[in-house]
Amino acid sequence: MSELNKIVLKIISNGKGILAADESNGTMTKRLEAVNVPSTPENRLSFRETLFSSKSMGEYIGGVILYDETIKQKTSFGVSIPDLISSSGAIPGIKVDTGTKDLANSTEEKITEGLDGLRERLKKYYELGARFSKWRGVYSVSKEYPSKLAIHSNAHALARYSAIVQESRMVPIVEPEVLMDGDHSADICLKKTSEVIKKCFEELILHKVDLSGIILKPNMILAGNQSKDKIFGEEVAQKTLQCLENSVPSEVPGIAFLSGGQLEIESTENLNLINKNNKTKFIMTYSFGRALQQSALKIWSKNNKDKELTQNTFNHRAKMCSLAAIGKWSKELENK
Ligand code: 13P
């Protein structure tokens, strides 16, 4: 077993998943302002430190994705954030893309940037304790999108990123996110997501990336959020499994889904059904941002002196997600 494969399994085996706490300062500002909290470095740290020191970290969270600001911060009790995460048994990770820009010659679409100087940045992140990283490509859906140009150029960037990350002895999370914005059907989402993922693997293989040392982070297959033909539960699970069975090479150890704007319980239920129906040998778990943090953020914004209240909310969500990652979640458990 390679070193990279060992890291992957430590992050996602045995019902563990990933806490995606890597919101950029821009995104975190939106999240904090939505709950009437000013977005200062101290407030961003205080919320994240509260989550990272909760008891669910050791039990259910195998890895935490951090943003550049956070990986360099120290807690109020003087420990570095990566050390706090490692002491719980979870592995610190780092978002290394620098965000999206308009794609030249198809400017309604996006290309993710951040390859320049990546090798040097990774060296610093490794020294700070990171052992895995994340890069997100985004694809919008319409009649003509994602275009072949967007599919190809984002796959190329994801593959170049992955090769450099593995060279730096870290595990790349490969995140091609087909957005749920729009009125498209679930079948269109299935078709486009399959095309996007297949192209990613074509490029990853071309760039000689060790597939046993990556984690794929895709969207689940859903109808667009404006669609009149929404699909739910079993159908989401069936279509998501169909997509992944047909587009992910068998060497890949695991898949960790993003929540992508689904509600907390909705994404947990869908993950549970995916695992109940999973006949592949891929581990299927979570790498949720909003679906792990939303309720905790609301509670924290109103009671930020009472750490325990926020942590209890987060612990519950993490436990529910972990049960879903082994197909043992049920709605009744939500109210216990
Ligand atoms: P969500 O689960 O909120 O979609 O966030 C996951 C993530 O890391 C997006 O890049």
Of everything in the stretch 185-237 that's among the β-branched types (Val, Ile, Thr) and part of a loop (DSSP other than H, G, I, E, B), which residue is surrounded by the fewest Cβ atoms within 10 Å (Cβ to Cβ)?
-> 231
Residues of the stretch 271-303 being within 18 Å of the chain's Cα centre (by Cα), away from the ligand (no atom under 12 Å from the Cβ) and under 14 Å from residue 323 (Cα atoms), in sequence order, are 272, 274, 275, 283, 284, 285
Being open to solvent by less than 50 Å² (accessible area, probe 1.4 Å), in a loop (DSSP other than H, G, I, E, B) and under 28 Å from residue 95 (Cβ atoms) narrows 267, 295, 259 down to just 259
Select, from 115, 122, 149, 179, the only residue that is more than 21 Å from the chain's Cα centre (by Cα) and in contact (Cβ under 8 Å) with a residue 24 or more places away in the chain.
-> 149
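Out of 56, 46, 39, report the one residue that is surrounded by 20 or more Cβ atoms within 10 Å (Cβ to Cβ), away from the ligand (no atom under 15 Å from the Cβ) and either more than 19 Å from residue 284 (Cβ to Cβ) or without any contact (Cβ under 8 Å) to a residue 24 or more places away in the chain (or both). Explain how you work it out, then say what you get.
Numbers: 46 fails: surrounded by 20 or more Cβ atoms within 10 Å (Cβ to Cβ); 39 fails: surrounded by 20 or more Cβ atoms within 10 Å (Cβ to Cβ).
Of 56, 46, 39, the one residue that is surrounded by 20 or more Cβ atoms within 10 Å (Cβ to Cβ), away from the ligand (no atom under 15 Å from the Cβ) and either more than 19 Å from residue 284 (Cβ to Cβ) or without any contact (Cβ under 8 Å) to a residue 24 or more places away in the chain (or both) is 56.
Among the residues of the stretch 103-118, are any surrounded by fewer than 16 Cβ atoms within 10 Å (Cβ to Cβ) and hydrophobic (A, V, I, L, M, F, W, C)?
yes
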Collect the residues in the stretch 203-230 that are small (Gly, Ala, Ser) and more than 16 Å from the ligand (Cβ to nearest atom), keeping them in residue-number order.
-> 212, 213, 223, 227
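The values are calculated or read from the model by the stated rules, or taken from the named source; none is laboratory data. Every value quoted in this text rests on a predicted model; they were computed, and no experiment measured them. Note: ideal-geometry Cβ built from the backbone for every residue, glycine included; neighbour counts use all protein chains shown. Just so you know, the surface numbers come from the protein's heavy atoms only, side chains and all, with ligands and any DNA or RNA stripped out. Shrake-Rupley method; radii C 1.70, N 1.55, O 1.52, S 1.80 Å.
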